[in-house]
1. Between residues in region 88-108 that are over 16 Å from Leu67 (Cα atoms) and residues that are part of a helix (DSSP H, G or I) and modelled with pLDDT under 85, which pairs lie under 9 Å by C-beta distance while being six or more apart or on different chains?
2. At pLDDT 90 or above, in contact with a helix residue (DSSP H, G or I) (Cβ under 6 Å, 6 or more places away or on another chain), part of a helix (DSSP H, G or I) and not β-branched (Val, Ile, Thr): does that describe Arg54?
3. Looking only at residues that are of a type outside the set (Val, Ile, Thr), closer than 20 Å to Gln97 by Cα and in a loop (DSSP other than H, G, I, E, B) in region 27-47, which one is least open to solvent (accessible area, probe 1.4 Å)?
4. Looking at region 57-73, which of its residues are in a helix (DSSP H, G or I) and either without any contact (Cβ under 8 Å) to a residue 40 or more places away in the chain or open to solvent by 50 Å² or more (accessible area, probe 1.4 Å) (or both)?
5. Which one of Gln97, Gln23, Gln18, Gln106 is polar (S, T, N, Q) and open to solvent by 90 Å² or more (accessible area, probe 1.4 Å)?
6. Would you say Tyr24 is in a helix (DSSP H, G or I), farther than 28 Å from Ser98 by Cβ and free of Cβ contacts under 8 Å to residues at least 24 places away in the same chain?
7. Restricting attention to region 77-101, which residues are under 13 Å from Ala56 (Cβ atoms) and either modelled with pLDDT under 75 or polar (S, T, N, Q) (or both)?
Amino acid sequence: MGLDYELIGKRIAKRRRQLRMKQYEVEEKADIGYKYLTNIERAISIPSTEVIMRLAIALETTPDEFLVGTARLEKEEWRNIAELLRSMDEKQLALAQSLLTWILEQEL
């Protein structure tokens, strides 16, 4: 089961519009590059796990809302996870992304 980046982009855009935020406001809050969000929302760019997490924090939700369409964690719990990931180096982030992808593929 692969991720549908077009659907993920639509979910991110929907959440942004719910909060009545402009793309540049989310980019600043998530500390991502200029015009990167528009490319994610249009499925031109594929966001990393860290970027998905930053967007979730900026849009006051969890990555679940973007990845599977539902938000499950409380805001503070998600911030704790995001902080752990922010402290990781490139190799650790790649491993975390692989682990999260594997978890999403499991039928629990």
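The values are calculated or read from the model by the stated rules, or taken from the named source; none is laboratory data. Keep in mind it's a predicted model, so treat the numbers as computed, not measured. Neighbour counts are summed over all protein chains in view; Cβ atoms, including those assigned to glycine, are modelled from backbone coordinates with ideal geometry. Heavy atoms of the whole protein, side chains included, go into the accessibility calculation; ligands, DNA and RNA do not. Shrake-Rupley method; radii C 1.70, N 1.55, O 1.52, S 1.80 Å.
1. From residues that are over 16 Å from Leu67 (Cα atoms), the pairs are Gln92/Leu85; Leu93/Leu85.
2. Yes.
3. It comes out as Pro47.
4. Listed by number, the residues that qualify are Ile57, Ala58, Pro63, Asp64.
5. Gln18
6. So Tyr24 fits the description; yes.
7. Those that are under 13 Å from Ala56 (Cβ atoms) and either modelled with pLDDT under 75 or polar (S, T, N, Q) (or both): Glu77, Trp78, Arg79, Asn80.
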